[in-house]
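See below for the structure under consideration.
The values are calculated or read from the model by the stated rules, or taken from the named source; none is laboratory data. Everything numeric here is computed off the predicted structure, so don't read it as measured data. Heads up, the Cβs are rebuilt from the backbone with ideal geometry, glycines too, and the neighbour counts pull from every protein chain shown. For the accessible areas, the whole protein counts, side chains as well, though only heavy atoms, and no ligand, DNA or RNA atoms are used. Shrake-Rupley method; radii C 1.70, N 1.55, O 1.52, S 1.80 Å.
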There are 2 protein chains.
Amino acid sequence: MNRRQWIYFCIVSLIGCVIWFLPQPESVDPRGWHLLAIFIATIIGIILKPLPIGALVILSMTVATVTQTLTLTETLAGFHNSIAWLVVFAFFISRGFIKTGLGSRIAYYFVSLMGKRTLGLSYGLLLSETILAPAIPSVTARSGGVIFPIAQGLAKSFGSEPHLGTERRIGSFLMMVAYQGSTITSAMFLTAMAANPFLAGLAADAGYSLTWGTWALAGLVPGLISLAVMPCVVYKLYAPAIKETPHAAEIARHKLDEMGKFELKEWLMFGVFLLLLILWIFGAFFNLSATVAAMVGLSLILILGVLNWNDVVNEHAAWDTFIWFSTLIMMATQLNTLGFTPWVSEQVVHVVGGMSWLPAFIILALVYFYSHYFFASNTAHVGAMFPAFFLVAIGVGTPPQIALLVFAFSSSLMGGLTQYGSGPAPIYFGSGYIDVKDWWRMGFLLSVVNIVIWMGIGPLWWRLVGII
Amino acid sequence: MNRRQWIYFCIVSLIGCVIWFLPQPESVDPRGWHLLAIFIATIIGIILKPLPIGALVILSMTVATVTQTLTLTETLAGFHNSIAWLVVFAFFISRGFIKTGLGSRIAYYFVSLMGKRTLGLSYGLLLSETILAPAIPSVTARSGGVIFPIAQGLAKSFGSEPHLGTERRIGSFLMMVAYQGSTITSAMFLTAMAANPFLAGLAADAGYSLTWGTWALAGLVPGLISLAVMPCVVYKLYAPAIKETPHAAEIARHKLDEMGKFELKEWLMFGVFLLLLILWIFGAFFNLSATVAAMVGLSLILILGVLNWNDVVNEHAAWDTFIWFSTLIMMATQLNTLGFTPWVSEQVVHVVGGMSWLPAFIILALVYFYSHYFFASNTAHVGAMFPAFFLVAIGVGTPPQIALLVFAFSSSLMGGLTQYGSGPAPIYFGSGYIDVKDWWRMGFLLSVVNIVIWMGIGPLWWRLVGII
């Protein structure tokens, strides 16, 4: 830790200590209150980053266990959470897309197909992302690792580069669409972003389930509308100078030629991916959970040699996520069990109790969404706010399924607001194509568009297919 | 997988299928029998290695879950086993010895101190290993990664190299002592080899606990005697040509000079290590489990910056071990719960039922020890044989604590028998200093010496300090 990080570390520790010794409400178990202190310190730590999130949760586990706030068994309980393992397995599988080159091939294919005009080009990128989204739960790997380099390469090929002052020629537009698109694709599938299963796990703890299939069905129509509308909005309000790009399709075709024919491993990966989608979509009918489906996919990938065991063990992002994911979900679960989360929601429900549920819920949903200006991580946001907000929403009378879906989709969409709002954001921002001012302006505008589509049109679709 | 591996894979699958459909004893739950088929296939897989052990256990988990032999929750249960996490945390901590160079410094220090004669030199290496053993649970990392390169460097400096035909000059002796020493230090501490906590976990499942402190106390005297006697035996029966090595101490001093003064991080690592030892030895008095102690050590290492989070996430051996360890311990536990292990031991007890416990137990212990000729992994051996052998030993009337300690120590010591008997064995064998013939001859001789010391003198010591 450098000096600044030490200061942050002291601040975080101090906040924890202060909360620890605050007067405590009677209905909360004292252990629950102490855990709250550790939990809030952790969340603030995730925001201030004195240490990486993984190291922070190790410290939190240690403090919780040594102070006997939690028993060792309780502390380790998160590690056999089946949703945590869904994320781990999905991370492993996603490595297969990257290692075989299948991810890039898909992206180049759609660019070669749709890339004659700038707008079409942007749709090509979005379409590739949407296809990859169900099986690459790291939005940073998917958008930052697969789509971003392709978008950047295309922009450069048109001479659009920040250091030449030509970024607005086409690069800024492509980057904006690709980044905003990643928040939409993240919202569409349970396995498209690590914080999605995290939220589903927290909801399951509260007694409400959201399967892979239901999530995908509910997100299908609003997601497609969003994907269709967003590039047009950006095209109007953040227009590229270059509108025709016959060159782009050529480049993509050239790249595809370079890649040569589909290799056996790509076919195998593609086959496993299709099987995985089928199992995820229809698994509920034969009682196969998403985690078991992912386990089957991973086993096939290992047997067929698409990945070897070293690739799996070296997939650091999976282990990193596993540690923080399991620990945070364990703490959130215990806060609920020990009476803290119910107590908070009772207090809030008491305040907004006079309202009917719809205006109360709209306020809750908007506060949830726009408080993301203060978060640099979807995970921290979901962990800190979702459990209480969800209980409050139900407490004021919101139908649980509506509340669950709105919070679930918001948790991805809100990432578009700022240049630090989700994992890949710093990558896009760091490339220098988009101004902070433009990011915030377009981020806010598109948040309104997304809210109208997902929370306005969404419920009609959910009613139509019988989810609510 | 190459062709040979595919054949092995088919053999392993076939064995699993055959056992699956064998006629089943009535007292065993059918799920238990199916799990047995998966378990035996896994163990044979670990021996034949069609895939690395981690990949194999993923397949086993998948088969167990998809066939509904186990529920998903049961399958994942091993992952919050506190002993599995002790191993993971200890692996992380051991990285600190290697990263800071403290491990090598300790070894060079003792060589500089005791290295004037060949025999003294070998004691210097053993002493360093013993000091590192409690906190480096990977015997491969400790002996193969820290001690082996130093022994090899010293041998070369005396012109003793296999390709020159001069290996017996001093190198063969040093390698033999260093390798055999690693099996003794592995036996001395719960955290000195990954299969030790595995065995302790299996024993705990059967209702018998073995704490860090008890293990270390029981192993102390036999361990020290073994460490004192073994080099003399090797010195007599596998003598080096060079007996005086004034040069070696000089080299070590030179290396220490090169390393310069103790760096701050080395001091910090050393401090954490001492604290860890204190917590491990005396933890039982203030109700602090070995896992929590390791958690405290890891937290300090992260806060003090001895390791950063990347070092931790990149410690692949930890994740690899975590996966197979948790899965094997889960399967062994379930075999017990579902009635298979008790059934086997009943059958064997029935056979040896006429004997008094001492001869029966001696036979059991010797069979356990020498069947290691057929195993290339301590883990596979412990997993396959310990649960049933332990129950049988108790069944014929052996005092449980004696049976537990004898099996526990055997599980490390038996590694000396062959050039494939434990993790670092292939490293030493691969260096070319030791003939297969010499390895087997000395391995067998030293196994007798070790058995006399650990099983002959050991119990007197255990009685003296009140462990049995």
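Averaged over every viewing direction, what's the projected area of the C-alpha convex hull for the stretch A:410-468? Give it in nm², one decimal, please.
4.4
Relative contact order for the stretch B:20-138: what percent, with Cα pairs under 8 Å and sequence separation of 6 or more?
Relative contact order of the stretch B:20-138: 17 percent.
Between the helical axis of B:246-259 and the dominant principal axis of chain B, each derived from Cα atoms, what acute angle in degrees is found, rounded to the nearest 10?
Approximately 80 degrees, to the nearest 10.
Rg and Dmax of the stretch B:326-468, Cα atoms, in Å?
Computed over the Cα atoms of the stretch B:326-468, radius of gyration and Dmax are 16.4, 49 Å.
So if R0 is 45 Å, what FRET efficiency would B:Ala284 and A:Phe374 give, r being the distance between their Cβ atoms, rounded to the nearest 0.05?
The value I calculate is 0.50.
Hey, can you list the residues from the stretch A:56-81 whose accessible area shrinks by 30 Å² or more with all protein chains present, relative to the chain by itself (probe 1.4 Å, no ligands or nucleic acids)?
A:Ile58, A:Leu59, A:Thr62, A:Val66, A:Leu72, A:Leu76, A:Phe79, A:His80
Name the residue from B:Ile93, B:Leu154, B:Gly144 whose Cα lies farthest towards the positive end of the charge dipole of the stretch B:82-315, charges +1 on Cβ of Lys and Arg and -1 on Cβ of Asp and Glu.
Of the candidates, B:Leu154 comes out farthest on the positive side.
Give the B-A buried accessible area in Å², both sides summed, 1.4 Å probe, nearest 100.
3700
Let me have the relative contact order for the stretch B:208-296, percent, based on Cα pairs under 8 Å that are six or more residues apart.
Contact order relative to length: 44 percent.
Counting every Cα pair in the stretch B:1-147, what percent are over 22 Å apart?
Cα-Cα pairs of the stretch B:1-147 separated by over 22 Å account for 60 percent.
Can you give me the pair-distance distribution of the stretch B:122-203, C-alpha pairs, 10 Å bins, whole percents?
So the P(r) values, bin by bin, are 20, 44, 24, 10, 2.
For A:Met230, what is the net charge nearby, where nearby means another residue's Cβ is under 13 Å from its Cβ and Lys, Arg count +1, Asp, Glu -1?
0
How many percent of Cα pairs in chain A exceed 27 Å?
55
Determine the per residue accessible area of the stretch A:82-315 with all protein chains present and a 1.4 angstrom probe, expressed in square angstrom.
With all protein chains present, the stretch A:82-315 gives 34 Å² per residue.
Using just the alpha carbons, could you tell me how many Å³ per residue the convex hull of the stretch B:73-171 encloses?
It is 121 Å³ per residue.
What does the charge add up to near B:Ser431, with Lys and Arg as +1, Asp and Glu as -1, over the other residues with Cβ less than 10 Å from its Cβ?
-2
For the pairs B:Lys116/B:Lys437; A:Lys156/A:Lys236; A:Lys156/A:Lys265, note any where the Cα-Cα span goes beyond 25 Å.
B:Lys116/B:Lys437; A:Lys156/A:Lys265
Is the stretch A:1-75 best put as rounded, prolate or oblate by its Cα gyration tensor, with a ≥ b ≥ c the root eigenvalues, rounded for a/c under 1.5, and otherwise prolate when a/b is larger than b/c, oblate when not?
Here the stretch A:1-75 falls in the oblate category.
Determine which residues of the stretch B:152-168 fall in the zone a paramagnetic label at B:Lys437 would reach in this model, i.e. backbone nitrogen under 15 Å from the point 7 Å along Cα→Cβ.
Taking a point 7 Å out along Cα→Cβ of B:Lys437, the residues of the stretch B:152-168 whose backbone N falls under 15 Å are B:168.
Would you kindly calculate the translational diffusion coefficient of the stretch B:82-315, applying Stokes-Einstein with the Kirkwood radius from alpha carbon pairs, for 20 °C and a viscosity of 1.002 mPa s, and quote it in µm² s⁻¹ without decimals?
So the translational diffusion coefficient is about 117 µm²/s.
Report, in deg cm²/dmol and to the nearest 500, the calculated mean residue ellipticity at 222 nm for the protein assembly as shown, where each DSSP H run with n ≥ 4 adds -39500 (n - 2.57) and the sum is divided by the residue count.
That comes out to -23000 deg cm²/dmol.
Determine the share of the protein assembly as shown's accessible area contributed by carbon and sulfur atoms, expressed in whole percent, with a 1.4 angstrom probe.
Within the protein assembly as shown, the accessible surface is 67 percent carbon and sulfur.
In the stretch A:247-285, what chymotrypsin sites (Phe, Trp or Tyr not before Pro) fall in a loop by DSSP, with at most 16 other Cβ atoms inside 10 Å?
Those satisfying the criteria are A:Phe262.
Considering only A:Thr327, A:Val406, A:Gln24, whose Cα is most displaced toward the positive end of the charge dipole of chain A, charges sitting on Cβ of Lys, Arg (+1) and Asp, Glu (-1)?
Result: A:Val406.
Given a Förster distance of 41 angstrom, what is the FRET efficiency for A:Val18 paired with B:Asn310, based on the Cβ-Cβ distance and rounded to 0.05?
The value I calculate is 0.85.
Within 10 Å, at most 15 other Cβ atoms, and a DSSP state outside H, G, I, E, B define an exposed site. Report the longest part of chain B free of exposed GluC sites (Glu not before Pro).
Maximal segment without exposed cleavage sites: B:27-262.
For the protein assembly as shown, what log10 I(q)/I(0) values come out of the Debye formula at q = 0.05, 0.06, 0.11 1/Å, with one point per alpha carbon and no solvent?
With one equal scatterer per Cα and no solvent, log10 I(q)/I(0) is -0.34, -0.48, -1.35.
I'd like to check one number: the per residue accessible area of the stretch B:1-75, probe 1.4 Å, reported in Å² as a whole number.
Value for the stretch B:1-75: 48 Å² per residue.
Please report the relative contact order for chain B, taking Cα pairs under 8 Å with a sequence separation of at least 6, and give it as a percent rounded to a whole number.
23
Report, in debye and to the nearest 20, how large the dipole of the stretch A:15-120 comes out about its Cα centre when Lys and Arg carry +1 and Asp and Glu carry -1 on their Cβ.
Result for the stretch A:15-120 is approximately 920 debye, rounded to the nearest 20.
Quick check on the stretch A:219-335: what are the equivalent-ellipsoid semi-axes from the Cα gyration tensor, as sqrt(5λ), descending, whole Å?
After diagonalising the Cα gyration tensor, the semi-axes are 34, 26, 18 Å.
What stretch of chain B, leaving out the sites themselves, is the longest with no trypsin sites (Lys or Arg not before Pro) in a DSSP loop having at most 16 other Cβ atoms within 10 Å?
For trypsin sites (Lys or Arg not before Pro) (loop position, at most 16 other Cβ atoms within 10 Å), the longest site-free span of chain B is B:1-242.
When the dipole is taken about the Cα centre of chain A, and only Lys, Arg (+1) and Asp, Glu (-1) are charged at their Cβ, what size is it in debye, to the nearest 20?
Charge dipole of chain A: 940 debye, to the nearest 20.
Counting only other residues whose beta carbon sits under 15 Å from that of A:Leu48, what net charge do I get with K and R as +1, D and E as -1?
+3
What do you get for the angle between helix B:171-188 and the principal long axis of chain B? Use alpha-carbon atoms, 0 to 90 degrees, nearest ten.
Tilt of helix B:171-188: around 50 degrees.
In Å, the Kirkwood hydrodynamic radius of the stretch A:376-459 over pairs of distinct alpha carbons?
14.0
Suppose R0 equals 41 Å. What FRET efficiency, 1/(1 + (r/R0)^6) with r the Cβ-Cβ distance, do B:Ile362 and B:Leu275 give to the nearest 0.05?
Between B:Ile362 and B:Leu275 the formula returns 0.50.
Suppose every K and R has +1 on its Cβ and every D and E has -1 on its Cβ; what is the size of the dipole of the protein assembly as shown about the Cα centre, in Debye to the nearest 20?
Dipole magnitude for the protein assembly as shown comes out near 1520 debye.
Between the helical axis of A:53-66 and the dominant principal axis of chain A, each derived from Cα atoms, what acute angle in degrees is found, rounded to the nearest 10?
Compared with the principal axis, the helix lies near 20 degrees.
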